[in-house]
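Quick notes on the structure that follows.
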Amino acid sequence: MRAAGSYGRDPAPTAHSGRTRVRRARPAGDQGRSASVPAACGPSHPPDGNRPPAARVLGGVQHEGSMYRVRAAGLLLTAAYLSFTGWLLLRPHYVTWVPSPNLRPFDTIRDDLRLPPVDAARHLLAGLGLLAPLGFLLPMAGGRLESSGVASFVRTVFAGLMVSLSVEFTQTMVPGQLFDVDALILNTAGVALAHLLVVPAARRHLRRRRRTAPPPPPPGAPASLTPTGVGAP
């Protein structure tokens, strides 16, 4: 039963009675300003581990696509240069007298060093530069950006040695050409020097660009959240 005087009034709330919260509706202008804050401040790129799986997969696909283009260009340039080298070295020379093949290392190099400085430098640089472009074209055709520097150097020098050896042996079947072990030494040294001068610096630059490049936006992201849409109206 209710106590006297309680008719017509609600009972007083107790400690266990629920409370009703009234949320004030936000004006439409405030909603527009809060939605435009990320676009004005620019997107925040989380670390690769916190990125959505779709964004990580998209970044990997874009990187693989660029590496495929680099490898294709390297293979094309390597094939073109080997064709030019073969045409240059395997042409027949019809002469009245041909010296015997040189099988003693550094024999013709010592003869070149006895020449005047300009002639000696021209002969030695011709031997060093003949196959030198292979020092960076072969790694370019391989497309192994994360490969070890020592392993890449060994593979490239060995491939250059095999190319030079093949050319020297093929020259024995061409009229007017002969085998020269010093040409083999100079050609391989030129490949090694070109690799050391170009490939390590190029790989450091490409790895730095890959680390500092902004991650791609997830599929379906609005244009205002992409790096190119920062500050766009």
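The values are calculated or read from the model by the stated rules, or taken from the named source; none is laboratory data. Model, not experiment: these values are computed from the prediction. Neighbour counts are summed over all protein chains in view; Cβ atoms, including those assigned to glycine, are modelled from backbone coordinates with ideal geometry.
Among the residues of segment 171-198, just one is within 35 Å of the chain's Cα centre (by Cα) and more than 19 Å from residue 124 (Cβ to Cβ), namely 198.
Inspection of segment 154-170 identifies at least one residue that is of a type in the set (Lys, Arg) and either surrounded by 13 or more Cβ atoms within 10 Å (Cβ to Cβ) or modelled with pLDDT of 95 or more (or both).
Condition check ((1) under 28 Å from residue 94 (Cα atoms); (2) modelled with pLDDT under 90; (3) among the polar types (S, T, N, Q)) across all residues:
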site	(1), (2), (3)
172	yes, yes, yes
183	yes, no, no
194	no, no, no
201	no, no, no
211	no, yes, no
216	no, yes, no
221	no, yes, no
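Against the test of being in contact with a helix residue (DSSP H, G or I) (Cβ under 8 Å, 6 or more places away or on another chain) and of a type in the set (Phe, Trp, Tyr), the options 158, 153, 169 yield a single qualifying residue, 153.
Residues in segment 106-124 that are among the hydrophobic types (A, V, I, L, M, F, W, C) and part of a helix (DSSP H, G or I): 109, 113, 118, 120, 121, 124. For segment 99-123, a residue qualifies if it is closer than 15 Å to residue 181 by Cβ and hydrophobic (A, V, I, L, M, F, W, C), and the qualifying residues are 103, 106, 109. Within segment 74-98, being farther than 16 Å from residue 180 by Cα, aliphatic (A, V, I, L, M) and assigned to a loop (DSSP other than H, G, I, E, B) holds for one residue alone: 95. Would you confirm whether any residue within segment 135-146 is of a type in the set (Gly, Ala, Ser), in a loop (DSSP other than H, G, I, E, B) and either surrounded by 13 or more Cβ atoms within 10 Å (Cβ to Cβ) or within 35 Å of the chain's Cα centre (by Cα) (or both)? Yes. Checking 78, 85 one by one, the residue that is under 19 Å from the mean Cα position of the chain (by Cα) and surrounded by 13 or more Cβ atoms within 10 Å (Cβ to Cβ) is 78 and no other.
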